[in-house]
Structure formats: structure tokens, C-alpha cells
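Engineer: This is the structure I want to talk about, given as C-alpha cells.
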Amino acid sequence: MPWSRMSGSVSSPTVDVVIDMGNPFLNLTVDGFLKIGAVAATRSVAEDTYHIIRKGSISSNDFEKTLKKMCKEGAYWGTIAGVYVGVEYGVERIRGTRDWKNAMVGGAVTGALVSAASNGKKDNIAVDAITGAAIATAAQFINYFI
């Protein structure tokens, strides 16, 4: 019985910005800040653009509000990503191994720090630390299997 085989790959262009701070810890932290911060800022612009199009008009006030929101969201999520990546890398260096436990500790510390900076309630800090650990660990397992 005749058969044929086809193989190929699809890839998209990638853009990678590398900033060398002279230290791997700083390099990873800044890289996480820039990448996630850019995603958050882009999401903010897309959301505001949708609302402006729906409204049917744009004013200088809309533009200024969008720009402020874009900077705020980019800085907020970039900072969270930078803290997470930095803590995970630090734990990896201390433990001397790269596994899901580093992600769990990184997520827990990041969740606790964000919660403490946001509201400071002890119950929320513990819950947010557990949530951060769970999300980071789940993401690590999903990344491993894909």
C-alpha cells in the first residue's frame, strides 16, 4: 500500500531585546519586567482602543487617560514579573537545581510581597502567597508537558 509522509514547521518571527546588566540575576529580572510590562501595556491600549471605537470619538483627554493607564499597568505587571523571575532565579542558585519547587517558592514570595504592598492584611497575604505558589507551580507543570 503506497503512503507518503510530510513534515514541516511553522514559526513566527521573534523579537528579543537583551540588556546586559553584568549580572545574570539582574539580566533575568529586567528581562521579565520588560517583557511582561510590554504585554500589560499593549493589553491596556487594546482595551482602551476598543472602548474609544465603541464610543465613536476620541479626545485628548481619552488619549491622556490611555497613556497613563498604559504606563501604570506596564509598570505594575512588569514589577510583579521582575520580582517573580528574580526570586525564582535566586532560589535556583541557592538550591543548585532547576525544578518546580523554585517556581513554587518564587510564586509564594511574589504573591506575599504584592499582597503586603497592596493591602497588608495578614489573612490576605497568606492566601495570596498560596495562590501565587499554586499558579506558578501549575504554569511550570504545564510548560513541562507542552
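Engineer: Out of the range 85-143, which residues are without any contact (Cβ under 8 Å) to a residue 24 or more places away in the chain, hydrophobic (A, V, I, L, M, F, W, C) and more than 24 Å from Leu26 (Cβ to Cβ)?
Structural biologist: Selection gives Ile125, Ala126, Val127, Ala129, Ile130, Ala138, Ile142.
Engineer: May I ask you to list the residues in the range 1-33 that are under 24 Å from Val85 (Cβ atoms), modelled with pLDDT under 90 and hydroxyl-bearing (Ser, Thr, Tyr)?
Structural biologist: Hits for the range 1-33 are Ser12, Thr14.
Engineer: Scan the range 93-146 residue by residue and report those that are surrounded by 14 or more Cβ atoms within 10 Å (Cβ to Cβ), farther than 15 Å from Val83 by Cβ and of a type in the set (Asp, Glu).
Structural biologist: Selection gives nothing.
Engineer: Which of the helices (runs of 4 or more DSSP H) found entirely inside the range 39-146 contain at least 2 residues meeting this: basic (Lys, Arg)? Give the steps one after another, and end with the answer.
Structural biologist: Values: elements: 60-95, 100-118, 122-145.
Result: 60-95.
Engineer: In the range 71-85, what residues are within 12 Å of Arg43 (Cα to Cα) and buried (at least 19 other Cβ atoms within 10 Å of the Cβ)?
Structural biologist: Glu73, Gly74, Trp77
The values are calculated or read from the model by the stated rules, or taken from the named source; none is laboratory data. Bear in mind that the values here come from a model prediction, so they are computed numbers and not experimental data. In this analysis, Cβ positions are derived from the backbone assuming ideal geometry, glycine residues included, and neighbour counts consider all displayed protein chains.
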